[in-house]
Amino acid sequence: MANFHDKLVLNKYMLSLFGIDSIGKKIIGKKGVEIFTDLKLSVNEGYTEEGNTMYLQTLISHLYGSEQLTPTMLQTYDENIVRYTKEISENREKQITWKYFQYLSLLFTEVYLDKYFQNKVKLLADLNEYVAEFNSKLTLTGTGKKKDKDVFTASKFTLESLNKLAFWNATGSGKTLLMHINIKQYLHYANHYNQHHQNKVLLITPNEGLSKQHLEEFAKSNIQANSFSKSSSGMFSGKEVEVLEITKLAENSGDKTVAVESFETDNLVLIDEGHGGMSGDSWKKYRDKLSQTGFAFEYSATFGQAINASSGAKKTEFTQEYAKSILFDYSYKYFYEDGYGKDYRILNLKDDDDRYRKLYLTANLVSFFQQQLLFKEQKTALRDFLLHKPLWVFVGGKVNAVRKEGGKEVSDVLEIIYFLTDFLKNPTVSIQQIDEVVNNKAGLVDKKGYSIFETSFSYLLEQNLDAPTIFNQINELVFNNTTIGANLYLDNLKGAEGELGLRVGDSDYFGVINVGDEKTLYQLAITNNVLGTEKDFSDSLFKKINEDTSPINLLIGSKKFSEGWSSWRVSSMGLMNVGKSEGSQIIQLFGRGVRLKGYQFSLKRSTGLDDYQKPETIKQIKSLLRHLETLQIFGVKADYMEQFKSFLEEEGLPVNDSSWITIKIPTEQKKIVKQNKLKLIAVKESENFKRNILVPLIYNEKLFDGKLIELDWYPKIDILEKKPSAVALTKNRGFLNSNHISLLNWNAVYLEIQNFKADKSYHNLSLQLADLKTILQNVSWYNLYIPAHHLEFTKYENVAIWQELAITLLKKYIEQFYLFYKNEFHSNHVEAIILNGADENFILEYDFRLNTEEDVAQFQNKIEELKTTVLEPAFSNIQIASEASAFDNLLHLYKPLVYLGKNYQNQIQVSPIALDVSEKQFLDDLVDYTLKNQESLREIEVHVLRNQSKKGLGFFTDGNNFYPDFILWIIRGGKQHIKFIDPKGIRNSKGINDPKIQFHKVIKEKIQPQVIESGIELDSYIISNTSYLEVQWKGHLSIEDFNNVNVFFQKENSETYVGNILLQEFLNCPHQTN
């Protein structure tokens, strides 16, 4: 299973559509590929004013040229996702905001279903063409390294295998909401391509508890759903979701079962906990039958573990099946790597004798108590991190499991009860053990000899709590007990099925054991001299355990709550009865244990937050958060921990959270900042475009001069054609004439455009049907690329294409029309402000993270040296590695700046993001030029500031937020020339008329006049790290042509470009060229 991630051929096919080659490569790891890095930034979460997701523009701006996925197609998919999201958010307090991995899951589904419903035969051909490439590259990768039998070969897709998609998404990653959208996506494309779904929509769950949860979630999402009933008439089939437990499917109908044959086979089937039934029983066969001629979506956090637990032919069969059906892989290793959920710490004990085991459990109890104490005393300070009252959990495969030790029947649960009893009844011994573990004198070490609890009790030590005080407070906080020396009791709660209660004396219950056969466990405990009684009338303790007011602090349970139980409280997890067969279950439970709401519901631990997410108080509270945002994991027996570690290693996760260390490096602002003399520009906050301006839609061809709408319909047509994919060498240009337009369904067009206006939140745009017709009757504003035969009047099927073309063209017209007036409004409401030290562009410190499992000692020494010298006046530069340095750029407004090459990802990480090579090159060139030309620059003052992406100064260009990398000030006399500099590649720019290139005109003509009286002149420049010869779209444009629109090449213009930027206005001369 360790390499199952690398076998996901369908997932890798989808990545290839985005220009990402991941065959034979790990997505993360030392020699892996990092995908969608820009999408991961939290600033992409949410929606634009125009009603798209923020992700769309990031995707489009970073998308390599793709014939498979054009910006138009991506925008259509995005608009669908937003529409569905609004529909399932109507009954919620606010609209759902997707995390990047959730968005990509939905986007991949859009792409797949569009291809699937348009032309299954063409999709099959494309997939099998990719399978051939996949197998070929894997074989080459394995040559000389693996035995031939170990090289995975994906079998070909078949038409029958195309009707299932699986999502391998971590517990806590929002699979339920994805399922709701998936239903809408499937029904949309079925209707869109006239393949209307007529049969049932079925959700198959593992148990009744989970079915009930799903019904509640469907209600929140405004989706009709009910429990399946054999007596229902079928009147609402396909109109509502019917929820059914897998245990109720059988060969023949009975009192509590329904025969699979009583269903037809063309249902839409959703399968929660999709790994269920993969152990060899008949459940998988039953559920597959339900969607044999329909469609299925499966969801699980543990597909990999389930496949690994199988063997022989079944393992081979499942590997092939899920390698070709897992559409999106966001299993736990990716979830953790991205900073989501709690951190975790594996407390693995070297020795496992009775004395050390008691010390070990005492240490875990004290660690849990510290979490409880922190939550109680620091609740207000940590309020925004949405933490919940800590819960101590013991989990395992079989809670009732009994083994013989010394001729006596024992079990893990009884060992826990014995330990708790001894702890409570022997205060003297317990206090001594508390003192040993808190003060690191207990001798509890791992296999390498390191103390496993060192630094674990910092909060208790800071509070100067001695061992007797800790013992008393444990009684009070953990056991709800104030009578020292009272007995522990185990009660059989007859009014709560499957529950046993734990209490001390007559105090409130502090613990609950939740099992399938509570009577057997109760009798075993009583037989082994555990005190207890039977309670005839009692409420369930487990049902209210998620409430912070619950008195329950300890939960012992098994499989009964591993599937479907959800809690934010788990903070310490003990493992019982862990064997190889429990892999899926333990990883699921682990996933539930690391669930975290996070700061302002980000789902991230504080160390995983982006810099601009972190609150100002983070420095003061991070030591407190460390304890509450870390899941402590320990085992009743040491061999359980070894098995658990092997699960994590198979999943590709680090087996200990202590491998990365962090070194903080302060920054220092230059004196010029405190003088408050540098000016900047900003949009006036008092102005509101949507409130102040009404925009009537009209035909205005001048708005498209030099910016024609381009619509390439070849990728869409390519899906329709049955021939193999091929990029047309010469694409046919066409247009919709009056004959095409006369055949359109204008009521449908008008309704679609009104919905588009609402989705985009263009509330101040007024439009009329007549104006839409006028716009479409003019053809000068767009270029349409489409095979000529699809514009001919030979097939009625072409009318549907013209309808879709008309709607798409009108949407693009409206978008460009509206954004023109919005940008014009903002450009006309700019003012001058004074830059001060509180500006978002001034960072307070850097976080250097080092992986101690790598050879980083030399790097660490250099960074420690940086920490001690950076604030000294003489500080200049420290070379951390061959392609990593921290330096003081003489012209920059704070020091240091940090540069980090691409080869250190698994050794060094820096936050905020370090400079890349082209950014550093620009800064170096700037300083070099000023030092060499001091005479010509003697009357000029030069300053530069890095402009932080997403939170610095941005401009709106062509629907994109544009954040130039640097702000450059050139001061002479009373005038300040402010220049926005963006070192970037232009290989994928939209030609010379790309909005970011033409922005130099906008800033000069539109914005500068508003601040000229403040003594400000503006300009913008692109510094291309793409060489002139590598710009494939340049055509007949010369280097001078590029220079004339403020584009300079770092290679070809290396000697002159800085001088052109600095001296152009003062010398009143044209651009110099080499």
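The values are calculated or read from the model by the stated rules, or taken from the named source; none is laboratory data. Quantities reported herein were computed from a predicted structural model and do not represent experimental measurements. When we count neighbours, we look across all protein chains shown, and the Cβ atoms used for this are built from the backbone with ideal geometry, even at glycine.
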## Note on the structure
(1) farther than 30 Å from LEU387 by Cα; (2) touching a residue at least 60 places away in the same chain (Cβ under 8 Å) all hold for VAL478 apart from (1)
### Query
Which numbered condition trips up ILE223, out of (1) in a loop (DSSP other than H, G, I, E, B); (2) under 20 Å from SER566 (Cα atoms); (3) at pLDDT 85 or above?
(2)
### Task
Could you please tell me which pairs satisfy a Cβ distance under 6 Å, a separation of 6+ or placement on different chains, a first residue in region 497-523 that is farther than 20 Å from ALA486 by Cα, and a second residue that is acidic (Asp, Glu)?
GLY498/GLU518; ASN514/GLU499
#### Entry: Candidate set from region 1-58 (those that are over 20 Å from the mean Cα position of the chain (by Cα), closer than 18 Å to TRP168 by Cα and in a loop (DSSP other than H, G, I, E, B)); member that is modelled with the lowest pLDDT
MET1
### Residue, surrounded by the fewest Cβ atoms within 10 Å (Cβ to Cβ), within region 597-615, restricted to residues that are part of a helix (DSSP H, G or I) and hydroxyl-bearing (Ser, Thr, Tyr)
TYR612
### Query
When the residues of region 616-642 are filtered to those that are of a type in the set (S, T, N, Q) and buried (at least 17 other Cβ atoms within 10 Å of the Cβ), which remaining residue is modelled with the lowest pLDDT?
GLN632
## Note on the structure
Going through region 942-962 in order, the residues found to be modelled with pLDDT of 80 or more and in a loop (DSSP other than H, G, I, E, B) are ASN947, GLN948
### Query
at pLDDT below 80 and in a loop (DSSP other than H, G, I, E, B): does that describe GLU582?
no
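Consider region 243-274. How many of its residues are touching a residue at least 40 places away in the same chain (Cβ under 8 Å) and over 24 Å from ALA190 (Cβ atoms)?
5
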### Query
Of the residues that make up region 333-343, is at least one touching a residue at least 40 places away in the same chain (Cβ under 8 Å), outside the structural domain of SER602 (by TED's automatic domain parsing) and within 30 Å of LYS120 (Cα to Cα)?
no
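Could you grab me the full set of residues in region 328-346 that are touching a Lys or Arg at 6+ places or on another chain (Cβ under 7 Å), closer than 14 Å to ASN169 by Cβ and not in a strand (DSSP E or B)?
ASP338
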#### Entry: Residues that are surrounded by 19 or more Cβ atoms within 10 Å (Cβ to Cβ) and either without any contact (Cβ under 8 Å) to a residue 12 or more places away in the chain or closer than 17 Å to THR662 by Cβ (or both), drawn from region 871-895
ILE880, ALA884, ALA886
### Task
Search region 82-93 for residues that are in a loop (DSSP other than H, G, I, E, B) and pair each with any residue that is surrounded by 15 or more Cβ atoms within 10 Å (Cβ to Cβ) when their beta-carbon atoms are under 9 Å apart and the residues are at least 6 apart or on different chains.
GLU90/SER221; ASN91/LYS220; ASN91/SER221; ARG92/LYS220; ARG92/SER221
#### Entry: The listed residue being among the charged types (D, E, K, R), in the same structural domain as ASP1041 (by TED's automatic domain parsing) and in a loop (DSSP other than H, G, I, E, B), out of LYS990, LYS979
LYS990
### Message
Looking at LEU162, LEU178, LEU140 in this structure, which one is farther than 25 Å from VAL121 by Cα, assigned by TED's automatic domain parsing to the domain that holds ALA301 and either in contact with an Asp or Glu (Cβ under 6 Å, 6 or more places away or on another chain) or modelled with pLDDT of 90 or more (or both)?
### Response
LEU178
### Query
Within region 803-842, how many residues are part of a helix (DSSP H, G or I), out of contact with any Leu (no Cβ under 7 Å at 6 or more places or on another chain) and of a type in the set (Val, Ile, Thr)?
1
### Query
Can you find even one residue in region 355-373 that is surrounded by fewer than 21 Cβ atoms within 10 Å (Cβ to Cβ), assigned by TED's automatic domain parsing to the domain that holds VAL438, without any contact (Cβ under 8 Å) to a residue 40 or more places away in the chain and outside any helix (DSSP H, G or I)?
no
### Task
Determine if region 967-980 includes at least one residue that is surrounded by 22 or more Cβ atoms within 10 Å (Cβ to Cβ), farther than 16 Å from LEU1062 by Cβ and not hydrophobic (A, V, I, L, M, F, W, C).
no
#### Entry: Hits in region 813-872 - residues which are small (Gly, Ala, Ser) and touching a helix residue (DSSP H, G or I) at 6+ places or on another chain (Cβ under 8 Å)
SER827, ALA832, GLY837
### Task
Give the residue that is nearest to VAL151 (Cα to Cα), with candidates limited to residues of region 284-330 that are hydroxyl-bearing (Ser, Thr, Tyr), at pLDDT below 85 and surrounded by fewer than 23 Cβ atoms within 10 Å (Cβ to Cβ).
SER311
### Message
Checking the structure you have, find out if any residue of region 909-919 is at pLDDT 95 or above, over 20 Å from ASN1060 (Cα atoms) and in contact with a Pro (Cβ under 9 Å, 6 or more places away or on another chain).
### Response
no
### Query
Do you know which residues across region 778-800 are of a type in the set (A, V, I, L, M, F, W, C), over 17 Å from ILE814 (Cβ atoms) and surrounded by 10 or more Cβ atoms within 10 Å (Cβ to Cβ)?
ILE786, LEU791, PHE793, VAL799, ALA800
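Yes/no per residue for (1) at pLDDT below 90; (2) under 30 Å from VAL515 (Cβ atoms); (3) in the same structural domain as LYS358 (by TED's automatic domain parsing):
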| position | (1), (2), (3) |
| --- | --- |
| GLY396 | yes, yes, yes |
| GLY407 | yes, yes, yes |
| ILE416 | yes, yes, yes |
| LYS441 | yes, no, yes |
| VAL445 | yes, no, yes |
| PHE457 | yes, no, yes |
| VAL478 | no, yes, yes |
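Can we say LEU923 is touching a residue at least 12 places away in the same chain (Cβ under 8 Å), in a strand (DSSP E or B) and aliphatic (A, V, I, L, M)? Give the steps one after another, and end with the answer.
Values: touching a residue at least 12 places away in the same chain (Cβ under 8 Å): yes; in a strand (DSSP E or B): no; aliphatic (A, V, I, L, M): yes.
So LEU923 fails the test.
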